[in-house]
Amino acid sequence: MAGERPVRFAGAEVIDGRAAAAAVRERVRQHVAALAAERGVEPGLATVLVGEDPASELYVRRKREACAEAGIRSFHHPLPAQTPASELAALLDALNDDPAVHGILLQLPLPAGLDAAAMTQRIDPAKDVDGLHPLNAGLLAQGSPDAVVPCTPAGVMELLHIAGAELAGAPAVVIGRSTLVGRPLASLLLGANATVTHCHSRTRDLAAVCREAEVVVAAAGVPGLVTADMVSPGATVIDVGTNRTDEGLTGDVDFDAVSGVARAVTPVPGGVGPMTIAMLLDNAVRAARRAAGTG
Ligand code: NAP
């Protein structure tokens with residue numbers, strides 16, 4: 001990714017997530033080709049979708065299309081919402097044992113009555129391409145390079161790299177402490193030697209904490225939470241928020257106002273979003289490489 005620079009507009013540099021994602025996908029395609037040529041291995045990703053939630057159906061369809069484009073085989077397992085836990089567990093066990101399946105994606109949320117944590121823990125950690133198994137979360141928290149890193153935080157780190165953000169020693173604020181985004185992101189920033197402050201809904205003075213930061217990552221799901229007066233001049237601001245409002249898709253950052261203060265900022269859409277699927281492909285091909293002994 002070195003050498004790529006963000007697009008510059010008046011004010012902050014706008015970090016182009018679509019271009020960054022295209023670069024990751026190209027890297028994945030090269031790994032897929034090398035695996036085929038050197039090992040005769042075709043990476044395979046199983047997608048498991050329980051129920052008929054339209055948003056989840058759309059996400060899974062996009063992931064499968066991205067797999068096809070990258071040369072990754074996908075094995076789709078749609079199950080009815082009433083699927084008993086024992087049946088879902090048996091499917092995950094079978095996928096764990098299937099050598100053609102290198103990664104397993106269990107689309108969340110699961111319908112009521114199915115325990116997402118228990119099902120996530122059922123997945124072989126080596127095939128856990130979402131990086132949500134407690135073993136991977138624990139490895140990441142310990143700073144181990146062996147952890148499978150959740151896709152969105154991994155994408156944020158790539159974007160910070162592209163933006164040329166200096167992380168070592170820098171004060172960095174993460175807003176949000178979910179297991180999906182905020183917590184792994186804080187671990188990754190700590191691993192990059194940033195001085196991390198982790199904020200959440202109980203943080204007393206979010207604005208004051210953010211003003212001290214050189215890097216702000218917003219992952220709260222609150223439209224317009226980060227305003228210009230909360231950002232120090234020259235900061236890099238990454239907006240993970242994806243909020244559907246009457247005005248359309250919007251992030252957690254007041255993009256127009258913050259662009260006038262920050263050094264670099266991601267837009268929504270076109271920032272973190274495209275990176276999430278790209279990093280899923282990256283995790284899938286990494287799993288296949290590890291299984292083939294080349295990772
Ligand atoms: P989540 O599980 O709902 O967690 C939200 C976090 O934000 C919680 O830790 C919450 O604090 C904190 N928070 C809520 N309101 C806050 C406030 N006013 N001030 C400070 N902190 C506040 O959400 P998530 O799954 O992490 O997702 C966060 C956002 O990222 C959502 O908009 C989601 O759609 C988006 N997202 C985007 C992608 C992508 O690919 N672009 C991927 C995943 C998520 P408490 O812990 O105290 O409740």
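The values are calculated or read from the model by the stated rules, or taken from the named source; none is laboratory data. Predicted model only: the values in this text are computed from it and were never measured. Positions of Cβ are backbone-derived with ideal geometry, glycine not excepted, and every protein chain shown enters the neighbour counts. Quick note on the areas: whole protein, heavy atoms, side chains included, nothing else; ligands and nucleic acids left out. Shrake-Rupley method; radii C 1.70, N 1.55, O 1.52, S 1.80 Å.
See the values below:
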quantity	calculated
Helices (runs of 4 or more DSSP H) contained entirely in the range 92-196, each with at least 2 residues that are open to solvent by 20 Å² or more (accessible area, probe 1.4 Å) and more than 16 Å from the ligand (Cβ to nearest atom)	116-122, 134-141, 182-191
Cross-chain or 6+ apart pairs with Cβ under 8 Å, the range 215-227 first and more than 14 Å from ARG177 (Cβ to Cβ), then open to solvent by 20 Å² or more (accessible area, probe 1.4 Å) and of a type in the set (Ser, Thr, Tyr)	PRO223/THR245; PRO223/THR250; GLY224/THR250
Set ALA213, ALA219: member being touching an Asp or Glu at 6+ places or on another chain (Cβ under 9 Å), closer than 28 Å to ALA137 by Cα and open to solvent by less than 50 Å² (accessible area, probe 1.4 Å)	ALA219
Residue within the range 241-251 that is out of contact with any helix residue (DSSP H, G or I) (no Cβ under 6 Å at 6 or more places or on another chain), in contact (Cβ under 8 Å) with a residue 60 or more places away in the chain and surrounded by fewer than 24 Cβ atoms within 10 Å (Cβ to Cβ) present	no
Residues of the range 260-293 that turn out to be of a type in the set (A, V, I, L, M), away from the ligand (no atom under 16 Å from the Cβ) and more than 18 Å from VAL129 (Cβ to Cβ), as a count	3
Residue selected from the range 242-259 under the condition assigned to a loop (DSSP other than H, G, I, E, B) and at pLDDT 95 or above, by the criterion nearest to the ligand (Cβ to nearest atom)	THR242
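Quick grid of which residues meet (1) in the same structural domain as ILE123 (by TED's automatic domain parsing); (2) over 14 Å from ILE277 (Cβ atoms); (3) in contact (Cβ under 8 Å) with a residue 60 or more places away in the chain; (4) open to solvent by 50 Å² or more (accessible area, probe 1.4 Å):
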{"residue": "ARG18", "(1), (2), (3), (4)": "no, no, yes, yes"}
{"residue": "VAL28", "(1), (2), (3), (4)": "no, no, yes, no"}
{"residue": "ALA33", "(1), (2), (3), (4)": "no, yes, no, yes"}
{"residue": "ALA36", "(1), (2), (3), (4)": "no, yes, no, yes"}
{"residue": "LEU45", "(1), (2), (3), (4)": "yes, no, yes, no"}
{"residue": "LEU49", "(1), (2), (3), (4)": "yes, yes, no, no"}
{"residue": "ASP53", "(1), (2), (3), (4)": "yes, yes, no, yes"}
{"residue": "TYR59", "(1), (2), (3), (4)": "yes, no, no, yes"}
{"residue": "ARG64", "(1), (2), (3), (4)": "yes, no, no, yes"}
